[in-house]
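The values are calculated or read from the model by the stated rules, or taken from the named source; none is laboratory data. Keep in mind that what you see is a predicted model, and the values were worked out from it rather than measured. Note that we place each Cβ from the backbone using ideal geometry, even for glycine, and neighbour counts take in every protein chain shown. Ligands, DNA and RNA are excluded from the accessible area calculation, which covers all protein heavy atoms including side chains. Shrake-Rupley method; radii C 1.70, N 1.55, O 1.52, S 1.80 Å.
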Amino acid sequence: MGCCLSCFVQWQNEPLDAAGTNAAFASLTSDINEQSGQPSKSIDEVAMGFIRVANETMCRPIRALTQMKGYDAAAHVLACFGGAGGQHACAIATALGMKTIFVHRYAGILSAVGIHLADIVQEAQEPAAAELEQQQLSGLRGRLDGLAAAAVDSLRQQGFKDQQISTERFLNLRYAGTDVAVMTPWNTDSDPAAAFAAVYQREFGFVLNRPVVVDDIRIRATGRAADLPEVAVLSDQVIPALPEPALVTSTYFDGLGRTQTPVFMLDQLQGGQKLSGPALLIDNISTILIEPGWIATITADHNVRMDVQQQQQQQQAVEHQQTMELQQQAPQSLAPVG
């Protein structure tokens, strides 16, 4: 279809096998034309049929979470991720009547970025089985200090610096004669009995006049992940002209056929620059397709926002209204199966 220009295989710089793909689709198209009994379709039309099916498959769960629950998807922004997510975003937004798309600069590796940003938690717990009394507190502090030292050391071995590590201390407390324990945060300078009573009152609406038992002591050490690198923002308010496209490729669009489409390298674009579709934006982790009727804006922090243009928006609104009316007339046909 002209949207994929490279493939991550072995050395991550080898071209796709266009000849092999065309040959396979030519054979498939021949079989379809022979057996369908309908006007013959081109290879591009058959391939676009597969893409439409894929797009509709992705639209269904979005509709299930919005329209099936009384929310209009068109009132929201479509956030897409995945290396190929940006290639389907305009088509899916059009099908759902959505007017704006947001593509994060790390959309192609968003799951990996999430893992990178996630805090690492090291927990340790020991039984206590003793009544909470003032003379017991120093012993509990000492045991918690030992657990904290071991947890912090474990995080250091994973590469965290001391300034990235924080610790929390807990006592698992309950009233004597009850079996409902409450894990109570304890700042070792505070009164744990008062903290437990406050948590118990909030949870259950009352407190008891009974001794408090310490079932367990617990430590949680958290290693805070490094932030994402900041993107340099130009102080100059003048938005530079677009660079020359890296190349121009032939891309197939439904209703337009083959269209000459400029290809831009995303890392060469700057905040504030706008590109009207059709166009392709490419970087090392994803490909974004700007379909005709859409305009993309590079944000200050190098994300991509795509908005439907006025003429396309009017047509989209009519099609979306027709879809909503059909759903109201025949809701049983839209019920999820499975």
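Please say if segment 93-221 is rounded, prolate or oblate, where rounded means a/c under 1.5 for a ≥ b ≥ c the square roots of the C-alpha gyration tensor eigenvalues, and otherwise the choice is prolate for a/b larger than b/c and oblate otherwise? Could the numbers behind the result be given before it?
On the way: a/c = 3.80, a/b = 1.73, b/c = 2.20.
It is oblate, given that a/c is not under 1.5 and a/b is not larger than b/c.
Each residue of segment 206-221 in order: what ³J(HN,Hα) in whole Hz does its phi give by Karplus 6.51 cos²θ - 1.76 cosθ + 1.60, θ = phi - 60°, with x for Gly and Pro?
For segment 206-221, the Karplus curve yields 7, 10, 10, 8, 9, x, 9, 10, 9, 6, 9, 10, 8, 10, 10, 10 Hz.
For Met68 and Arg224 in one chain, what is 0.36 nm times their gap in residues minus the Cα-Cα distance, to one decimal in nm?
Working: separation 156, 0.36 × 156 = 56.16 nm, distance 3.90 nm.
Stretched fully, the Met68-Arg224 segment lengthens by 52.3 nm.
Once label points are set 7 Å from the Cα along Cα→Cβ at both Arg52 and Ala149, what is their separation, rounded to one decimal in nm?
7.0 nm
Considering only protein heavy atoms, what per residue accessible area in square angstrom results for the chain with a 1.4 angstrom probe?
On the way: 19770 Å² over 338 residues.
I get 58 Å² per residue for this part.
Return the sequence-ordered ³J(HN,Hα) values of segment 34-42 in whole Hz as given by the Karplus equation 6.51 cos²θ - 1.76 cosθ + 1.60 applied to θ = phi - 60°, using x for Gly and Pro.
So the Karplus estimates, Gly and Pro as x, are 6, 9, 7, x, 10, x, 4, 10, 7 Hz.
For Phe253, what residues show an amide H to amide H distance below 5 Å, using hydrogens built from the backbone and excluding near sequence neighbours?
Correct list: Arg258, Thr259.
Treat each spin label as a single point 7 Å out from the Cα along the C-beta direction, and report the Thr188 to Glu126 distance in nm.
Inter-label distance under the simple model: 1.2 nm.
Quickly estimate the mean residue ellipticity at 222 nm for the chain, helices only: each DSSP H run with n ≥ 4 gives -39500 (n - 2.57), and the total goes over all residues, rounded to 500.
-11500 deg cm²/dmol, from helical runs alone.
Calculate log10 I(q)/I(0) of the chain for q = 0.09, 0.10, 0.15 Å⁻¹, where I(q) comes from the Debye formula with a single equal point scatterer on each Cα and nothing for solvent.
With one equal scatterer per Cα and no solvent, log10 I(q)/I(0) is -0.75, -0.83, -1.20.
So if R0 is 22 Å, what FRET efficiency would Leu16 and Met265 give, r being the distance between their Cβ atoms, rounded to the nearest 0.05?
The value I calculate is 0.75.
Of all the Cα-Cα pairs you can form in segment 175-235, what percent are over 13 Å apart?
On the way: 1312 of 1830 pairs.
Of all Cα-Cα distances in segment 175-235, 72 percent exceed 13 Å.
Note down the nm distance, to one decimal, between modelled labels 7 Å out along Cα→Cβ at Arg210 and at Val77.
According to this spin-label approximation, the distance is 5.2 nm.
Given a cut-off of under 8 Å on Cα pairs at least six residues apart, what relative contact order in percent is computed for the chain?
Details: 514 pairs, mean separation 60.2, N = 338.
Across the chain, relative contact order equals 18 percent.
Which percent of the accessible area of the chain is formed by carbon and sulfur heavy atoms (probe 1.4 angstrom)?
Values: 10620 of 19770 Å².
With neighbouring chains kept in place, the figure for the chain is 54 percent.
Would you pull out the residues with amide H under 5 Å of Ala128's amide H, same chain only if 5 or more places away, H placed 1.01 Å from N?
Asp216, Ile217
Report the residue, chosen from Ile165, Ile295, Ile92, that carries the largest GNM mean-square fluctuation when the chain is represented by alpha-carbon nodes joined by springs under 10 Å.
In this elastic network of the chain, the residue with the biggest mean-square fluctuation among Ile165, Ile295, Ile92 is Ile165.
Which whole-Hz ³J(HN,Hα) couplings does segment 124-137 yield from phi under the Karplus relation 6.51 cos²θ - 1.76 cosθ + 1.60, θ = phi - 60°, glycine and proline marked x?
So the Karplus estimates, Gly and Pro as x, are 9, 9, 9, x, 10, 6, 8, 6, 7, 10, 4, 6, 7, 5 Hz.
Taking amide H positions as placed in the peptide plane 1.01 Å from N, state which residues far from Arg174 in sequence (5 or more) or on other chains have amide H under 5 Å from it.
HN-HN under 5 Å from Arg174: Val182, Val213, Asp215.
Among Arg258, Arg105, Arg210, which one shows the highest mean-square fluctuation when the chain is modelled as a Gaussian network with alpha-carbon springs under 10 Å?
Greatest mean-square fluctuation among the candidates belongs to Arg210.
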